[in-house]
1. Once you have the alpha carbon radius of gyration of segment 8-50, what is it after dividing by 2.2 N^0.38 Å, with N set to its residue count?
2. Between H131 and V5, with labels modelled 7 Å along Cα→Cβ, what's the label distance in nm to one decimal, could you check?
3. Which is the longest stretch in the chain that no exposed loop site breaks, taking sites as trypsin sites (Lys or Arg not before Pro) with a DSSP loop state and at most 12 other Cβ atoms within 10 Å?
4. With labels modelled as points extended 7 Å from the Cα through the Cβ direction, what inter-label distance (nm, one decimal) is found for L414 paired with Q256?
5. Over all directions, how big on average is the projection of the convex hull of the alpha-carbon atoms in the chain, in square nanometres?
6. Using 1/(1 + (r/R0)^6) with R0 = 51 angstrom and r between the beta carbons of E162 and S438, what's the FRET efficiency to the nearest 0.05?
7. What does the convex hull of the Cα atoms of segment 199-312 come to per residue, in Å³, rounded to a whole number?
8. Could you calculate, for segment 45-171, the ratio of the Cα radius of gyration to the Kirkwood radius, expressed as Rg to Rh?
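Taken together, the values in this text are just the output of simple stated rules run on the coordinates, not laboratory data. Bear in mind the structure is a predicted one, so any value in this text is a computation, not a measurement. Neighbour counts run over all protein chains shown; Cβ positions are idealised from the backbone, glycine included.
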Amino acid sequence: MAAVVSGFSKLSKNDKIKWLAEHHFENDQNTIDTLITYWNSDNQLQQLHDEFTENTISNYYLPFSVAPNFLINNKRYTLPMTIEESSVVAAASKAAKFWQTRGGFKAEVISTQKVGQVHFMYTGDVEQLLHFFTSLKPKLFTAVSEITENMNKRGGGITDIELKNKTTEIDNYYQLHCTFETVDAMGANFINSCLEQFAKTLITEAKEYSGFSNLEKNIEIIMSILSNYVPQCLVKASVSCAIKELPSTPLLSSQQYAEKFVRAVRIAEVEPYRAVTHNKGIMNGIDAVVLATGNDFRAIEAGAHAYASRNGQYTSLTHAKIQDDIFTFSIELPLALGTVGGLTSLHPLVKLALLLLEKPNAKKLMEITAVAGIAQNFAAINSLITTGIQQGHMKMHLMNILNQYKATESEKKLLIKYFETNAVTHSLVVTQIEKLRS
Ligand code: MEV
């Protein structure tokens, strides 16, 4: 059981490591060395990373990869992808290459509305609250004018504030349901600052409201927070081509491929067990771009999965159809992304990723990210309905197993050659390494 410690956050980095080594690793020097090996030799850069969060003791590397050949709305991109899972970047690149000669990806932002709510309880007469809200609403806008000034200049701000009666769900429960346009910022700080001010103004105005007495005594603020459910911050992306341009194998004509593909997507539309894995594959691509560009992948994940269940049953984020011999595959999902603020101007690799994408605005990044999702899903379904997923996965996994067994460069060369014509399984890789070494 871990020891209790107080004031840990105030210890220096070295003392934190010392405490850890003492209490968790029996003062093992190798453990200490591992943590220190991952420190950056550039002290300034290390300090920057240390200060992103609290109690930082080392850095945790993830691969920073790129997937070239993405033709999106007739413009070519190389996508930055930060992900540890083997095959994801290879699959994205393969899908990009396939679609670049078939018109590329089309993408379009449908809407960009963000949401935040002040949740409160009110125990008085509803009509009186409605009346009070009419006079309160303009005062709420005025109360945040300092916070919204810059956002307004950039073309954003608060778009509306509604009073919502939620008493059928919970007795006495009401909301200020607020919508925002945050332009190129993800906007979390902006939204939360506005909401917290709305809550304060709601209370102070209630005290002064002369419409009826004791209003403030009947109001209790529960919390003020943005919502990561953003069904009105939507982006669409699609690919389409003549059926005859789709892949074919000796066992599957292009027509059969198209039909099998559509059926595979249909299964994800109706079967939640499949839909979750199907969407997980989509998020492989989306999260990789979201992380590389310094956005909040947890927010994106939560919002995407909530959107996938918006009609009461969890379903696919992509759809496929065949019409007049044309195959069309599309994705629609909410993506509340930013290209300014947060990590975007702090993390050197995030800056580089945005530069690689030619400094997109938030809308452009929404389009690019949705494309990463549909490309990933195309590659996954393509494998699933033809060779199966393991062939590609195990080829990539081979390198992980070789590294795990500390294969030398010459061993790697020989074994990669061997597995060009033999199916990769963990046990066969181990047998072959042992054979080489004996
Ligand atoms: C693995 O990370 C993702 C897949 O399972 C997605 C899918 O099944 O569609 C391959």
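1. Scaled against compact globular proteins, the figure is 1.22.
2. 6.0
3. Longest run free of exposed loop sites: 1-309.
4. 4.1
5. Numbers: hull surface 114.9 nm².
Convex hull of Cα atoms, orientation-averaged projection: 28.7 nm².
6. Values: r = 74 Å, r/R0 = 1.45.
The calculated FRET efficiency here is 0.10.
7. 183
8. Rg/Rh: 1.17.
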